[in-house]
Structures are given as structure tokens and as C-alpha cells.
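Notes follow once the structure below has been shown.
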Amino acid sequence: MSSRDELRTLPRPRTRRIDAVRNREQILAAADQLFAERDPRTVTMDQIAKAAGVGRATLYRRFPDPRAVAAALLDEHERLLQERLTYGPPPLGPGAPAAERLAAFYTAAVELLERHLPLALGAGTGPARYTGDAYGDWRRHVRALLAEAGVEDPDAWADIALSPLAPDAYQYQRHGRGLSPERIARALGALTHRLLSSREMG
């Protein structure tokens, strides 16, 4: 076989890209179902590869562990919320008082957790939660609202204000205590107005 014939037998870049996109879609779809069916923290890479119908090498080329798969699934939902915070209509988006915006953020975040709790748990709880892009974006947003409202030391209060949205805390409230999403969002709204009504948070 000539070198020209050998080159013709190699996969073309466009074909490889199409295959990569298809494999990624299969992996994410299979993982999404697995995370919904069982405790996401128990899902293994072998289970994901088998459900997706891909080899382990294919899976590991794209994701180092199940948490990274869950994070990729969750990323799109969190990105859409971030766009609403930045460009959407008030009170979630710009143009409303800080207290109204923070309450609206809590409601939107509770809705996201309610729809995608398995993914949020699978993407990481504990220290892993604080290294993700979404947490960084949310922290900047909440800190800015606290500063706008005149809360003293918004850097310290930003993480405290975000702590009720930890996925494992939400899971406990919903499934351990049996609280509805509406009750949780309502309580967070009340917390917002109490927090932002005070100017002596030293």
C-alpha cells in the first residue's frame, strides 16, 4: 500500500470531531440517567461507560472521574442561571433593589437544586463545591448585592449567605426534614430581608 493509500485510510479530522461529539452526548445522557436513579456519589466510571456503550479509554479521555461528568451536566444549567442574573429582567436581573435581587436569586437557586439535585450532589459536596466556576460566579453576585445594601464585611457574609444552598444541606431539608421547595425559598427570602435590613454586621 502506498503512503497515499495509507493516508486515505486514516480518519479525517471532521469525522473524529463528529465521533467525539456523539460519544460525549452518549456519555452525558447515560450518566444523567444513572445519577437520577441512584445516589450520585456511588456511581462509578465503569457503570457510566457500560451505560453509554463506550470504552473506558474513551470515557477517561474526556472525564477523569464521575464528579467531572456530573459537573459537565450541571454546568449548562448553572450557566443559564448566571445569564439570567447578568442580563435577565429584574428582580433576578439588574434593576431591582439588592434585597429583592438576593431573594430572587435564592428562589432561582432553589428551583435549580430541586430540578437537578442528583447532579449537584454528584458534582461535589464539601470542599469540592467551592472550587467550581458556578460557586465563584454566585459568590461574586451575592457579595456585590451585600455591598450594595451596605452590609459590613460582605466578603465574610457572602459565603454565609450561600451556605443554605449547599446541595447536601438542601437534600437534608427536602428529604430528611420533608420541607417543600416553597417553604425553603420562603425562609431564604425572610433571611434576605433580615440580613440586609441591618447595617451593623461587624
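A few comments on the model shown:
- All positions within segment 145-202 that are of a type in the set (S, T, N, Q) and exposed (fewer than 14 other Cβ atoms within 10 Å of the Cβ): Ser163, Ser180, Ser197, Ser198
- Scanning segment 17-53 for residues that are free of Cβ contacts under 8 Å to residues at least 40 places away in the same chain and within 20 Å of Leu119 (Cβ to Cβ) yields a count of 20.
- The condition of being out of contact with any strand residue (DSSP E or B) (no Cβ under 8 Å at 6 or more places or on another chain) and modelled with pLDDT of 95 or more holds for Gly178.
- Residues satisfying the stated conditions in segment 63-78, i.e. in a helix (DSSP H, G or I) and without any contact (Cβ under 8 Å) to a residue 40 or more places away in the chain: Ala68, Glu76
- Verdict on Asp19 being more than 17 Å from the chain's Cα centre (by Cα) and either modelled with pLDDT of 90 or more or not in a helix (DSSP H, G or I) (or both): no
To keep it simple, each residue is scored yes or no on (1) of a type outside the set (Val, Ile, Thr); (2) within 26 Å of Pro181 (Cα to Cα); (3) modelled with pLDDT under 95.
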{"residue": "Leu59", "(1), (2), (3)": "yes, no, yes"}
{"residue": "Glu78", "(1), (2), (3)": "yes, yes, yes"}
{"residue": "Gln82", "(1), (2), (3)": "yes, yes, yes"}
{"residue": "Pro89", "(1), (2), (3)": "yes, yes, no"}
{"residue": "Thr107", "(1), (2), (3)": "no, yes, no"}
{"residue": "His116", "(1), (2), (3)": "yes, yes, yes"}
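- Check on Val54, surrounded by 14 or more Cβ atoms within 10 Å (Cβ to Cβ), closer than 22 Å to Asp75 by Cα and modelled with pLDDT of 90 or more: no
- Count of segment 68-91 residues which are within 13 Å of Ile27 (Cα to Cα) and over 11 Å from the mean Cα position of the chain (by Cα): 2
- Once segment 99-122 is narrowed to residues that are under 14 Å from Val69 (Cα atoms) and in contact (Cβ under 8 Å) with a residue 60 or more places away in the chain, the residue that is surrounded by the fewest Cβ atoms within 10 Å (Cβ to Cβ) is Leu121.
The values are calculated or read from the model by the stated rules, or taken from the named source; none is laboratory data. These numbers were taken from a predicted model, which means no experiment stands behind them. Because the Cβ atoms are built from the backbone with ideal geometry, glycine has one as well, and the counts that use them run over all protein chains shown.
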